[in-house]
Amino acid sequence: MGNVMKRDLVTGLVWVGVGLLFCAGALRYKLIHLGAYGPGFYPFIVACALVLLSAALILGSYRSREEAAPDTSAEKGLRKIVLALIGLFGFGILLPYAGFLLTTFILLLFLLRFIEPVRWVAAVFTAAATTGVCYALFVRWLGVQMPRGILYF
Amino acid sequence: MAFFDHITMAFAVSLEPMNLVLCFVGVFLGTMVGVLPGLGPTAVISLLLPLTFTMTPVQSIIMLAGIYYGAYYGGSTTSILVNIPGEAASVITCLDGYQMARQGRAGPALGISAFGSFIGGTFAILMLMLVAPPLARAALRFGPPENAALMFFGLTMATYLSSGSTLKALMMMAFGLLLGAIGKDPVSGTMRYTLDILELGEGLGIVPVVMGLFGISEVLINLEGKIREREIFKTKFKNLLPTKTDWKEAGWPIARGSVLGFSLGLLPGGGGIIASFLSYALEKKLSSNPETFGKGAIAGVAGPETANNSGAGGTFIPLLTLGIPCNAVLAMLMGALMIHGVTPGPLLLKDHPHLFWGVVGSMYVGNILLLVLNLPLIGLWVQILKIPYRYLFPLIILFCLIGAYSLNNSVSDIVIMGIFGIIGFLLKKFGYDAAPLILALVLGPMFEEAITQSLVFSAGSFSIFLSRPISLVLIVLSFVLLVYPCILKAFRKGRPSFLPPQAED
């Protein structure tokens, strides 16, 4: 079983699922409404197309004999990705409460220190300097509305 | 003569001091992100979007367009000096550009790519001036069926030209169209697929989706792999100006690259990347000594570099005259214009002539700035290249976050961006190209509206798309494009591909 075949099979199944979900949604919005095409008509057709195309991919995966390049990603890579995403979503959660300055500083410190570790001193300094520059540039100069949060600024 | 009036207007607008400054800022930042691998034009445009809210639409598009074509200039620098393409369109430049640098000819390689880019860019702008007005006039006569057929053709073309499997590209297109259906239905106002989330009522915003799919996912991909140490070629950059022999070898490739790039730029899904690959293949085929290609042939640098800039200029035609953005960066530009209440399309030229001609003029000015800027500043770009990725990626993430939040001052755009960052990462990992998805997401709502209007017109009969000549031709062409790869496949084993194998490395 080639890697490509397995991957196409799995992703194809996922796409069939996505397509069916959209199909089901479209049926709820009525395909025909008052004698004309209803709000569900267009997404229904497109979702059916997605299901059919995915089915073709799945069928094709049985015939494919290509070998995929070996997957070189290590668990270490996954750890970094998860950390980066925690930083990203954490920023969104924290921003309304902690305000722009504090949240930005924490985000930068976190990303600098825990993903591709930079020395503490360098990390703190870079995070503080970048936060200051961004604050001056975006909030003060360009007038982007950012939450102030618990700090006065 | 209308042509000269247009030129006068173009330069009157683009040479206004503020516009000139913004054009400079745009091309400067564009070159910088082009130089920095891992930081693409999408991230920078998203960062600068909040800045444009306080500008006029003309000023904002002048600056954002500068970033777009400036990035192509910058991308070649890293290809030549460190064998890392700063931009996808510069992948092919690595082959001969880096070899030239290793032979101590980094100067002429950088020089010829700057001149080639300038010539290609200029050619594209001249053609834009000639082609856009008649095209926009013709498109003005389009009714809903023609528009629907045109968008269908655009989508098909984008899948056809996308990298990788056509089937997967079609799936991405369908998925993009479905994402475009999220929000209020254009006819009845029914909320579709909003999951009762208020923010989704107006549909998925183009900008956070593009930032996620192209900005954040790029960071995730880079973090997953081993971060390559960049070894910068230590060489003195003397003799940046190409010699007479260099010009002789590069002249025709530049001329051919200009025409090829521009023509491909017109096609949705075309533009810089494909143009550069095809130009390389073409030059290798036409060369009297093809064996020098890959070993430092100057034609292999000049042709593709010209073609990608000419292609970047060409991509503005479908955007400004038909409202079809050919790639993700242009989708962002379109999003920016729409935030300002300007919808790109056939009416743009009539309703906002200042904007149209101002952008065209600024592109010319920008090209001159780039030529002047690039050669003396190469030392600075080399310094910028030395910024390690561990300092760079937190900045990219922060810029995307600020850009996403400031769109509507709402955290929901950050969440959308994050989710699409994950989706984009997975798509890349499993061999799906996200470009058709973006195009479909942008065009989806307009496509549906055009279809619905046509069907109201014809009392529900689909024959309306086949009974009008223009839409018939476009639909037949689309089906030919769709079926053609299958026929090819039947005759030849392996997937039919428009692109030569990835840089043969």
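Sub-6 Å Cβ pairs linking a first residue in segment A:84-113 that is β-branched (Val, Ile, Thr) to a second residue that is surrounded by 21 or more Cβ atoms within 10 Å (Cβ to Cβ) and assigned to a helix (DSSP H, G or I), at least 6 apart or interchain, are A:Thr103/A:Phe91; A:Thr103/A:Leu95; A:Thr104/A:Thr131, ordered by first then second residue.
For (1) in a loop (DSSP other than H, G, I, E, B); (2) buried (at least 16 other Cβ atoms within 10 Å of the Cβ); (3) at pLDDT 90 or above; (4) of a type in the set (A, V, I, L, M), each residue gets a yes or a no:
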position: B:Ile438; (1), (2), (3), (4): no, yes, no, yes
position: B:Leu455; (1), (2), (3), (4): no, yes, no, yes
position: B:Ser461; (1), (2), (3), (4): yes, no, no, no
position: B:Leu472; (1), (2), (3), (4): no, no, yes, yes
position: B:Val483; (1), (2), (3), (4): no, no, no, yes
position: B:Ser497; (1), (2), (3), (4): yes, no, no, no
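Taking segment B:409-431 as the search range and keeping residues that are of a type in the set (Gly, Ala, Ser) and in contact with a Ser or Thr (Cβ under 9 Å, 6 or more places away or on another chain), which one is farthest from B:Leu51 (Cα to Cα)? Across segment B:409-431, the extreme among qualifying residues is B:Gly431. Yes or no: segment B:151-158 includes at least one residue that is closer than 23 Å to B:Gly261 by Cα and of a type in the set (Ser, Thr, Tyr). Yes, there is a match, as at least one residue in segment B:151-158 is closer than 23 Å to B:Gly261 by Cα and of a type in the set (Ser, Thr, Tyr). Annotation: B:Ala71 fulfils all but one of (1) under 13 Å from the mean Cα position of the chain (by Cα); (2) among the small types (Gly, Ala, Ser); (3) within 14 Å of chain A (Cβ to nearest Cβ); the unmet one is (3). Just checking, does segment B:376-388 include any residue being closer than 26 Å to B:Pro325 by Cα and either part of a helix (DSSP H, G or I) or away from chain A (no Cβ under 14 Å) (or both)? There is no residue in segment B:376-388 that is closer than 26 Å to B:Pro325 by Cα and either part of a helix (DSSP H, G or I) or away from chain A (no Cβ under 14 Å) (or both). Within segment B:174-227, can you find the residues that are buried (at least 24 other Cβ atoms within 10 Å of the Cβ) and touching a Ser or Thr at 6+ places or on another chain (Cβ under 8 Å)? Result: B:Val207, B:Val210, B:Met211, B:Phe214, B:Gly215. The listed residues are B:Pro37, B:Pro57, and the only one of them that is surrounded by fewer than 24 Cβ atoms within 10 Å (Cβ to Cβ) and modelled with pLDDT under 80 turns out to be B:Pro37. A Cβ distance below 8 Å, combined with a sequence gap of six or more or placement on separate chains, defines the contacts here; from segment B:1-22, residues that are farther than 18 Å from B:Met127 by Cβ reach residues that are outside any helix (DSSP H, G or I) in the pairs B:Leu22/B:Met55. Considering every residue within segment B:109-117, establish whether at least one is more than 21 Å from the chain's Cα centre (by Cα) and among the small types (Gly, Ala, Ser). The answer is yes; a qualifying residue exists. Total residues in segment A:114-146 satisfying the condition of being part of a loop (DSSP other than H, G, I, E, B) and in contact (Cβ under 8 Å) with a residue 12 or more places away in the chain: the figure is 3.
Checking each residue in segment B:400-415 for being assigned to a helix (DSSP H, G or I) and modelled with pLDDT of 85 or more picks out B:Cys400, B:Leu401, B:Ile402, B:Ala404, B:Tyr405, B:Val411, B:Ser412, B:Asp413, B:Ile414, B:Val415. Sub-7 Å Cβ pairs linking a first residue in segment B:179-206 that is farther than 22 Å from B:Ile339 by Cα to a second residue that is surrounded by fewer than 15 Cβ atoms within 10 Å (Cβ to Cβ) and of a type in the set (Phe, Trp, Tyr), at least 6 apart or interchain, number zero. Taking the conditions exactly as written (in contact with a Phe, Trp or Tyr (Cβ under 9 Å, 6 or more places away or on another chain), surrounded by fewer than 16 Cβ atoms within 10 Å (Cβ to Cβ), part of a helix (DSSP H, G or I) and of a type outside the set (Ser, Thr, Tyr)), does A:Gly99 satisfy them or not? In short, no. Remark: B:Pro318 matches the filter, which requires a residue to be out of contact with any helix residue (DSSP H, G or I) (no Cβ under 7 Å at 6 or more places or on another chain) and either assigned to a loop (DSSP other than H, G, I, E, B) or surrounded by 24 or more Cβ atoms within 10 Å (Cβ to Cβ) (or both).
Working only within segment B:324-365, note down all residues that are in contact (Cβ under 8 Å) with a residue 40 or more places away in the chain and among the charged types (D, E, K, R). Within segment B:324-365, B:Lys350 is the sole residue that qualifies. Checking each residue in segment B:340-355 for being surrounded by fewer than 16 Cβ atoms within 10 Å (Cβ to Cβ) and either aliphatic (A, V, I, L, M) or in a loop (DSSP other than H, G, I, E, B) (or both) picks out B:Gly341, B:Thr343, B:Leu347. A:Gly12 passes every criterion in (1) at pLDDT 90 or above; (2) buried (at least 22 other Cβ atoms within 10 Å of the Cβ); (3) more than 24 Å from the chain's Cα centre (by Cα); (4) of a type outside the set (Val, Ile, Thr) apart from (3). Within segment A:103-148, the set of residues being within 11 Å of another protein chain (Cβ to nearest Cβ) and of a type in the set (Val, Ile, Thr) comprises A:Thr103, A:Thr104, A:Ile115, A:Val118, A:Thr126, A:Thr130, A:Thr131, A:Val133, A:Val139, A:Val144.
Of the residues making up segment B:261-287, just one is at pLDDT 85 or above, closer than 23 Å to B:Leu150 by Cα and surrounded by fewer than 24 Cβ atoms within 10 Å (Cβ to Cβ), namely B:Ser263. Whether any residue in segment B:77-88 is in a helix (DSSP H, G or I), surrounded by fewer than 24 Cβ atoms within 10 Å (Cβ to Cβ) and not aromatic (Phe, Trp, Tyr) is what I want to check. Yes, that holds for at least one residue. Checked against the criterion of being aromatic (Phe, Trp, Tyr), away from chain A (no Cβ under 14 Å) and within 30 Å of A:Asp8 (Cβ to Cβ), the candidates B:Tyr432, B:Tyr484 yield just one match: B:Tyr484. Might you check whether a residue that is within 14 Å of chain A (Cβ to nearest Cβ) and at pLDDT below 85 occurs anywhere in segment B:416-427? Looking through segment B:416-427, none of the residues is within 14 Å of chain A (Cβ to nearest Cβ) and at pLDDT below 85.
The values are calculated or read from the model by the stated rules, or taken from the named source; none is laboratory data. Bear in mind the structure is a predicted one, so any value in this text is a computation, not a measurement. Methodologically, a virtual Cβ is constructed for each residue, glycine included, from the backbone with ideal geometry; neighbour enumeration extends over all protein chains shown.
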